[in-house]
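A short write-up of the structure that comes next.
All of the numbers you see were taken from the coordinates with simple rules; none came from a lab. Computed from a predicted structure; not experimentally measured. Backbone-built Cβ (ideal geometry, glycine too); neighbour counts: all protein chains shown.
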Amino acid sequence: DIQLTQSPSSLSASVGDRVTITCRSSQIITSYLNWYQQKPGKAPKLLIYAASNLQSGVPSRFSGSGSGTDFTLTISSLQPEDFATYYCQQSYSFPYTFGQGTKVEIK
Amino acid sequence: EVQLVESGGGLVQPGGSLRLSCAASGLTLSNYEMSWVRQAPGKGLEWVSYISSGATTIYYADSVKGRCTISRDIATNSLYLQMNSLRAEDTAVYYCARAPSNYYGMDVWGQGTTVTVSS
């Protein structure tokens with residue numbers, strides 16, 4: 001199975017900060033890497049698909065990059081509504097797997 | 001409006017069974033790849049099962065293989081997950097999610113249905 005390791009597991013940041021979350025895969029997954037945002041009690045929301053493509057309706061402050069085994073989610077200027085948990089997920093091969101999550105909290 | 005609505009969760013004793021449903025509106029399930037994803041209390045997301053758009057390809061996580069069956073009904077435009085021999089570790093919120101293909105990620109999710117396995 002492909003393992004995804006996110007770092008950090010949590011972070012504290014202020015509104016307006018630039019935030020970067022990384023996701024490392026145990027195998028090459030080309031660009032089959034997706035990013036989701038989840039708020040408490042809610043379903044996950046797709047932010048980025050295929051490593052760097054912004055899902056329709058998602059603010060442009062979110063961006064993704066990477067290929068192969070190393071990927072990054074960047075929030076250019078953190079907004080109050082961005083405090084949530086973020087997950088990466090690979091859709092390269094089954095079983096699909098998720099990273100363990102990164103909780104973004106208010107400093 | 002595109003919507004997925006799960007139902008069928010509840011409290012069940014260990015060893016029991018449940019059938020989860022995911023009703024689709026505003027989209028035709030047979031045009032999409034569909035998955036079930038679960039989240040245990042306070043934990044991360046875990047992919048559970050997948051069915052291809054043509055229903056010809058099905059996959060399960062090792063944690064549920066042999067105990068769960070994914071299926072789809074074109075007439076009712078619904079997705080199902082039959083869960084048998086339930087264990088305490090199956091306790092979770094279960095989400096259904098669609099993907100146009102594996103390239104596009106899971107772009108529409110239901111609100112989730114809660115399964116609690118306890119005596």
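Rounded to the nearest 0.05, what FRET efficiency is calculated for B:THR56 and A:GLN27 with R0 set to 25 Å and r the Cβ-Cβ distance?
0.45
Using the Kirkwood formula on the Cα atoms of region B:44-119, what hydrodynamic radius do you get, in angstrom to one decimal?
Averaging 1/r across every pair of different Cα atoms and inverting gives 13.6 Å.
Once the piece of chain linking A:SER12 and A:ILE106 is laid out straight, how much longer is it, given 0.36 nm per residue of separation minus the C-alpha distance between them?
The span from A:SER12 to A:ILE106 would gain 33.3 nm if fully extended.
Using the Kirkwood radius over C-alpha pairs as Rh, can you work out the diffusion coefficient of region B:1-96 via Stokes-Einstein at 20 °C, viscosity 1.002 mPa s, in µm² per second?
It comes out at roughly 157 µm²/s.
For every other residue with a beta carbon closer than 14 angstrom to the beta carbon of A:GLY99, add +1 if it is Lys or Arg and -1 if Asp or Glu, then tell me the sum.
0
Considering Cα pairs under 8 angstrom that are at least six residues apart, work out the relative contact order of chain A and quote it in whole percent.
So the answer I get is 38 percent.
Of the options A:THR85, A:LEU4, A:ASN34, report the single residue whose Cα projects farthest towards the positive end of the charge dipole of chain A (beta-carbon charges: Lys, Arg +1; Asp, Glu -1).
A:THR85
Counting only other chains, what is the mean number of Cβ atoms within 10 angstrom of the Cβ of each residue in peptide B:100-111?
Mean partner shielding for this stretch: 6.
Return the subset of A:LYS42/B:LYS43; A:LYS39/B:LYS65; A:LYS45/B:LYS65; A:LYS39/B:LYS43 for which the Cα-Cα distance in this structure is over 22 Å, preserving the input order.
A:LYS39/B:LYS65; A:LYS45/B:LYS65
Counting pairs of alpha carbon atoms under 8 Å apart in space and at least six apart in sequence, what relative contact order in percent does chain B give?
36 percent
Per-residue Cβ counts within 10 Å, from other chains only, averaged over B:39-49: what number is that?
4
Beyond 16 Å, how much of the Cα-Cα pair distribution for region A:3-94 remains, as a whole percent?
Above the 16 Å cut-off, region A:3-94 has 51 percent of its Cα pairs.
Explain nothing, just the number: dipole magnitude of region A:1-84 about its Cα centre with +1 on each Lys and Arg Cβ and -1 on each Asp and Glu Cβ, in debye rounded to the nearest 20.
Value, rounded to 20: 140 debye.
If you check each cysteine of the protein assembly as shown for another cysteine whose beta-carbon is under 4.7 Å away, which ones come up empty?
Cysteines of the protein assembly as shown left without a disulfide-compatible partner: B:CYS68.
Treating only the Cβ of Lys, Arg, Asp and Glu as charged (+1, +1, -1, -1), what charge dipole size does region B:7-119 show about its Cα centre? Round to the nearest 20 debye.
140 debye
At most 14 other Cβ atoms within 10 Å and a DSSP loop assignment: could you name the trypsin sites (Lys or Arg not before Pro) in region B:1-82 that fit?
Sparse-neighbourhood loop trypsin sites (Lys or Arg not before Pro): B:LYS43, B:LYS65.
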